[in-house]
Protein chains: 2
Amino acid sequence: VGFYLRSEKEQQEAIEHIDEVQNEIDRLNEQASEEILKVEQKYNKLRQPFFQKRSELIAKIPNFWVTTFVNHPQVSALLGEEDEEALHYLSRVEVTEFEDIKSGYRIDFYFDENPYFENKVLSKEFHLNESGDPSSKSTEIKWKSGKDLTKRSSQTQNKAGRKRQHEEPESFFTWFTDHADAGADELGEVIKDDIWPNPLQYYLVPDMEDEEGEGEEDEEDEEGLEDIDEEGDEDGEEDEEDDGEDGEDDEGEDD
Amino acid sequence: VGFYLRSEKEQQEAIEHIDEVQNEIDRLNEQASEEILKVEQKYNKLRQPFFQKRSELIAKIPNFWVTTFVNHPQVSALLGEEDEEALHYLSRVEVTEFEDIKSGYRIDFYFDENPYFENKVLSKEFHLNESGDPSSKSTEIKWKSGKDLTKRSSQTQNKAGRKRQHEEPESFFTWFTDHADAGADELGEVIKDDIWPNPLQYYLVPDMEDEEGEGEEDEEDEEGLEDIDEEGDEDGEEDEEDDGEDGEDDEGEDD
């Protein structure tokens, strides 16, 4: 079988030689990673003013983010009815990758004054420590009295007589207290890698997956907002000014 | 809820403006990808002579590749008993990423003259076409008479009285005819991304996962080869010259 070195010693020398060559390969891999990181950092800087501009424009469009989330199949699955109402107050989302990128990122959610919690900003950030172990931490949400959406059961939400009968997911906001999957946080990665690069595509195109065959030419179709007008208006024309008329929440709103 | 633009028209204009900004972001993303690709191509070229040198050194070590595969937990799970014997003739493995990297890669397996098949090289290559659809193709294996390992049942392999009693996997060599998962070919990606970057680590360190607590200080430990001496010699010292003594295969070897 070929021209094998026969003695243990010669094999050992070959292995040591392979090890040296491998060290050269590893060194080149490291250099490549560093150069790629520099390219990514350069373009992160170049993209920054455009992200900034985009955020300012988005802030002018009512319900941009809640619509975007509702239209995104994976995020939508995490939203309870009241989550959606709370997310109507979400005015700005920012994703920041840390300077050395591989070490983590942060997502900031900016909220307008709202009946659910006191915070103006909710953040969650993800880190890799030096040995590569992932961790995450978040803003503690200061819920207004009786408004903690993470403590509502499906029953509480359903008894108000909603049209949806399917099982309610846990609240979207439990994400801020869940640090079990810091290394592969599904929602964090969907926002960072799928929504943030181009949120407009989700804002404009609703998730059609479970609406197939329901007649896409129907009356509610014109604005591409299929699922967000929960406030009882069927024609979806007044959503532009839905600041605060969430009349379903008759439990301690005015504390 | 903030300073929203109220009219449909103003919102439409904001959306169009977002779209323009998004196009700038997309353009920067493309530039970034191109620059990163160039860095990767540059380092692929720089690494090439070291991979070449490494291959030459590896070819001098008997059973390097079969040992490496047996020591790798995922690859090992794909190996039947006779696969391992055939892989003793595997002298060289080469992974080639295509010039535009994202479009695919090829793995070449160079075999010495062997009792199983006529081919000197077995290759499998993976492509993405322009619309991003994956496909794969392989060398057709010219099995010697009665030696087609993909057509042996577990029974055939077991009746020779092997020590292993666990269920035999399908043959490793079925991989060359299986093109169902071209987009996420597990073995292909393990070889390309995990083994090829540093095969020596697997050659030297056997998979301990299912050997825990069996006394790692035992007699066979010195060479770190736990699982490859299938030929009946318990002391594992004669493996260097095991060219052809696969006496278990008593079906038409000499055609």
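The values are calculated or read from the model by the stated rules, or taken from the named source; none is laboratory data. Because the structure is predicted, anything quoted here is derived from the model rather than measured. Virtual Cβ from ideal backbone geometry, glycine too; neighbours counted across all protein chains shown.
Is it the case that B:GLN41 is at pLDDT below 95 and within 7 Å of chain A (Cβ to nearest Cβ)? So that I can check it myself, show each step before the final result.
On the way: at pLDDT below 95: yes; within 7 Å of chain A (Cβ to nearest Cβ): no.
So B:GLN41 fails the test.
Every residue in segment A:67-80 that is buried (at least 19 other Cβ atoms within 10 Å of the Cβ) and not small (Gly, Ala, Ser), please.
Within segment A:67-80, A:THR67, A:THR68, A:PHE69, A:VAL70, A:ASN71, A:HIS72, A:VAL75, A:LEU78, A:LEU79 qualify.
Looking only at residues that are in contact with a helix residue (DSSP H, G or I) (Cβ under 6 Å, 6 or more places away or on another chain) and of a type in the set (Phe, Trp, Tyr) in segment B:44-65, which one is nearest to the other protein chains (Cβ to nearest Cβ)?
B:PHE50
Please go through segment B:96-132 and give me each residue that is under 15 Å from the mean Cα position of the chain (by Cα) and modelled with pLDDT under 90, ordered by number.
Passing the criteria: B:GLU97, B:GLY104.
Could you say whether any residue in segment A:97-118 is part of a helix (DSSP H, G or I) and surrounded by 18 or more Cβ atoms within 10 Å (Cβ to Cβ)?
No, the conditions are met nowhere in segment A:97-118.
Which residue out of B:SER33, B:SER91 is surrounded by fewer than 18 Cβ atoms within 10 Å (Cβ to Cβ), outside any loop (DSSP other than H, G, I, E, B), hydroxyl-bearing (Ser, Thr, Tyr) and within 12 Å of chain A (Cβ to nearest Cβ)?
Working: B:SER91 fails: surrounded by fewer than 18 Cβ atoms within 10 Å (Cβ to Cβ).
Being surrounded by fewer than 18 Cβ atoms within 10 Å (Cβ to Cβ), outside any loop (DSSP other than H, G, I, E, B), hydroxyl-bearing (Ser, Thr, Tyr) and within 12 Å of chain A (Cβ to nearest Cβ) holds for just one of B:SER33, B:SER91, which is B:SER33.
Which pairs have Cβ atoms under 9 Å, sit 6 or more apart or on different chains, and link a residue in segment A:26-38 that is in the same structural domain as A:GLU97 (by TED's automatic domain parsing) to one that is modelled with pLDDT under 95 and not in a helix (DSSP H, G or I)?
So the pair list comes out empty.
Listed residues A:ILE25, A:ILE58; which is more than 22 Å from the chain's Cα centre (by Cα) and at pLDDT 90 or above?
A:ILE25
Could you check how many residues of segment A:66-81 are away from chain B (no Cβ under 12 Å) and within 16 Å of A:GLU113 (Cα to Cα)?
Counting residues in segment A:66-81 that are away from chain B (no Cβ under 12 Å) and within 16 Å of A:GLU113 (Cα to Cα) gives 0.
List pairs: first residue in segment A:5-18 and facing chain B (nearest Cβ under 9 Å), second residue outside any helix (DSSP H, G or I) and modelled with pLDDT of 90 or more anywhere in the structure, Cβ distance under 9 angstrom, at least six positions apart or on different chains.
Short answer, once both residue conditions are applied: A:LEU5/B:ILE61; A:LEU5/B:PRO62; A:ARG6/B:PRO62; A:GLN11/B:ILE61; A:GLN11/B:PRO62; A:ALA14/B:ILE61; A:ILE15/B:ILE61; A:ILE18/B:ILE61.
Could you grab the pairs with beta carbons closer than 8 Å, sequence gap of 6+ or different chains, first residue in segment B:181-197 and in the same structural domain as B:GLU97 (by TED's automatic domain parsing), second one part of a helix (DSSP H, G or I) and exposed (fewer than 15 other Cβ atoms within 10 Å of the Cβ)?
Once the first residue is in the same structural domain as B:GLU97 (by TED's automatic domain parsing) and sits in segment B:181-197, its partners that are part of a helix (DSSP H, G or I) and exposed (fewer than 15 other Cβ atoms within 10 Å of the Cβ) give B:PRO197/A:ASN29.
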